[in-house]
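Structure first, then comments.
The values are calculated or read from the model by the stated rules, or taken from the named source; none is laboratory data. Just so we're clear, the structure is a prediction, and the values are computed from it rather than from any experiment. No Cβ is skipped: glycine too gets one built from the backbone with ideal geometry, and neighbour counts run over all protein chains shown.
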Amino acid sequence: MAGASSKSSTPMLAIEGEGDRLSFEGVLGLCTLTQARQALEHWRKQRKSRVLDVSKLSGLDTPGAMFLCELRDKHVELAGVQSEHAALLELIGGLPRKPLTKPPTIARWRQLVIQLGKGADDFWHDSLDILTFVGRSLSAFGHALRHPSSLRPASISRQIAETGIHALPIVALMAVMISIVIGYQSVAQLRPYGGEDFTISLIAVSVLREMGVLITAIMVAGRSGSAFTAEIGVMKAREEIDALNSMGLEPFDLLVLPRMIGLIITLPLLTFFADIMGLLGGAMIAQSLLHISLSQDLERVREAVSISDFGVGLIKAPVFAFFIATVGCMHGLRVRGSAESVGRETTRAVVKAIFLVIVFDALFSVFFEKVGL
Amino acid sequence: MSAAARSQHAEPILSARGIVNCFGKQRVHDKVDLDVEAGEVLGIAGGSGSGKSVLLKTLIGLHRPDSGKVLIEGKPIEAISADEKAALIGVLFQQGALFSSLSVAQNVMLPMREYTDLPVSEQEKIAAVKIELTGLSADSAMKFPAQLSGGMVKRAALARALALDPRMLFLDEPTSDLDPLTAGGIDELIMQLNRGLGLTVVIVTHDLTTLLTVCDRVAVLVEGKITVGTVDQLARSHDPWIREFLHGPRAQGAMNARKSNHGIR
């Protein structure tokens, strides 16, 4: 019916007549509504009693019917309504047709104040949450250490494969790239003083102490921390966590602990791997920019670096791993209801994990400086 | 209604010919033919996993069948442009598929914003009418999908499906997950839209009450084949699944509902 004759062509509306009687011909609908409204705007203001002839309308849809009902409310008489249009008019005319309620607008400065307050409140609750979760994780971790039989080797080894072995290529690439960056910068800066040979020790020390572990931790936070949140979050959204609880199984032991232990095992190993790759990258730089052979390069590295540099870098890895896993799992368990919240929590988890990694790295730097390592 | 009378001379608004869909080795649809007449309410029924939803997706062109074709008004569905299709077909997805970052009113206005150049005030008016048409109050228009109950989600999604006044409405399980009273309200709404707006409606459902009270004809998918007919015709079928379906204990209540409902009609 509506528009059957105007399948492919755009629907047309013709408005004819003069004085207090107008007639519509064609299709009155979504596409012709603006035209009809403009034509009638002028006409309606001029006269008191008006008749609109709609007997020649070939098509009428809901916006068109809404328009006619509005006219009827304003005392325009509709003449010659076809029976098939009458049902539609009756249906639309029977609706209350209330305008959409607009949400109350709040002044900009008040919005700012509200946001500030909300932000502070969120931060407070966030900090409490992290503290609680860290405490809980530590207690669960301690319990697991005292009762190793309660651990789940299968899921831990799966986590190690997922977070460790699959991350090897990208970690290697990042480590090599970062030492190339440091190498080029230091060669350029040290050359005027004739000290470009120190580039080797600079790369070795910075990779072993800071860059290796930092780059690896950031990579893992983006890669595995987000995966933890998404995995646990989807389980939460699909009520799988509730199912575990109802079976008397502790989601914390089943989901959080294997991830945490897995990551605490893998991150130091990954860091060690990144250190090796970083030194290799340094050797490459030495070879290409300074024309120093690999054996000479290794000799220099041994002179420049002590075992404590290596240890300082490596000791940070499990701490970072603990925080990455904690934040990832915590945000996963904080997912509420919809899938939308999984995305939001994942973003938060990654941002927070990287933030914590860098904060703790700074604290470690200060600490090691004081201790004199 | 006059759908039966009209069907005798008019050509079907949608016809599917020789639809074959396979998933792995399983042949879900085995040369399915289906005609939808303009102005009718067609129900598609079948057991879980019988390929109802896939058939619906094939009919609206979201799923490309392994062989066979779908014609809308004689035109192959792949040849219909996006804006033509939007004006032709409205779809209510099983979970509503409302955009969660938009309010109900914004959800309804989205297709209008994309496909028409109506001023925003006009779009808002139309959206308000559509939302009221589906039985929601004007206050719920500003709510977000997460704040709505199951029945309200279906109504809001229906309002969005109706945004461009499509001529065909496809409903995927419109009454699933709803309590019987709310489901009854949705059934009533479908009939009202079919009569008032002259919409052609295709419903995928295994809700017997919907099938028996709302649908003019029912297509039953059993083992990849389709059987189409009115409920009375199907009730005389010899297929064991259809017999069980229409004569089982759950069907009796629905049959009673149908009798009382047809009395009103």
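Miscellaneous remarks
- Residues considered: B:88, B:42, B:14. Of these, the only one that is at pLDDT 90 or above, under 30 Å from residue A:87 (Cα atoms) and touching a strand residue (DSSP E or B) at 6+ places or on another chain (Cβ under 7 Å) is B:42.
- Within the range A:189-212, being among the polar types (S, T, N, Q) and crowded, with 16+ Cβ neighbours inside 10 Å holds for A:199, A:201, A:206.
- Just one of (1) in a helix (DSSP H, G or I); (2) modelled with pLDDT under 90; (3) of a type outside the set (Val, Ile, Thr) fails for residue A:337. It is (1).
- Every residue from the range B:57-105 that is in a loop (DSSP other than H, G, I, E, B), among the hydrophobic types (A, V, I, L, M, F, W, C) and over 18 Å from residue B:168 (Cβ atoms): B:98, B:99, B:102
- Condition check for residue A:109: away from every other protein chain (no Cβ under 14 Å), among the aromatic types (Phe, Trp, Tyr), part of a helix (DSSP H, G or I) and closer than 28 Å to residue B:142 by Cβ: yes
- Selection within the range B:115-134 - more than 8 Å from chain A (Cβ to nearest Cβ) and either touching a Pro at 6+ places or on another chain (Cβ under 9 Å) or without any contact (Cβ under 8 Å) to a residue 12 or more places away in the chain (or both): B:120, B:121
- Pair list, Cβ under 6 Å, 6 or more apart: the range A:85-103 residue more than 7 Å from chain B (Cβ to nearest Cβ), other residue not in a helix (DSSP H, G or I): A:85/A:60
- Within the range A:301-354, the set of residues being without any contact (Cβ under 8 Å) to a residue 12 or more places away in the chain, more than 14 Å from chain B (Cβ to nearest Cβ) and touching a Ser or Thr at 6+ places or on another chain (Cβ under 9 Å) comprises A:347 only.
- Residue check, residue A:168 in a helix (DSSP H, G or I), over 17 Å from residue A:228 (Cβ atoms) and modelled with pLDDT under 90: no
- Selected residue (criterion: modelled with the highest pLDDT) from residues of the range B:141-155 that are within 12 Å of chain A (Cβ to nearest Cβ) and buried (at least 19 other Cβ atoms within 10 Å of the Cβ): B:153
- Meets criteria (surrounded by 14 or more Cβ atoms within 10 Å (Cβ to Cβ), facing chain A (nearest Cβ under 10 Å) and either within 17 Å of the chain's Cα centre (by Cα) or over 30 Å from residue B:244 (Cβ atoms) (or both)) for residue B:97: no
- Residue in the range A:74-81 that is crowded, with 17+ Cβ neighbours inside 10 Å, in a strand (DSSP E or B) and out of contact with any Phe, Trp or Tyr (no Cβ under 7 Å at 6 or more places or on another chain) present: yes
- Residue that is assigned to a helix (DSSP H, G or I), under 16 Å from the mean Cα position of the chain (by Cα), touching a residue at least 40 places away in the same chain (Cβ under 8 Å) and more than 12 Å from chain A (Cβ to nearest Cβ), where the choices are B:193, B:211, B:189, B:169: B:211
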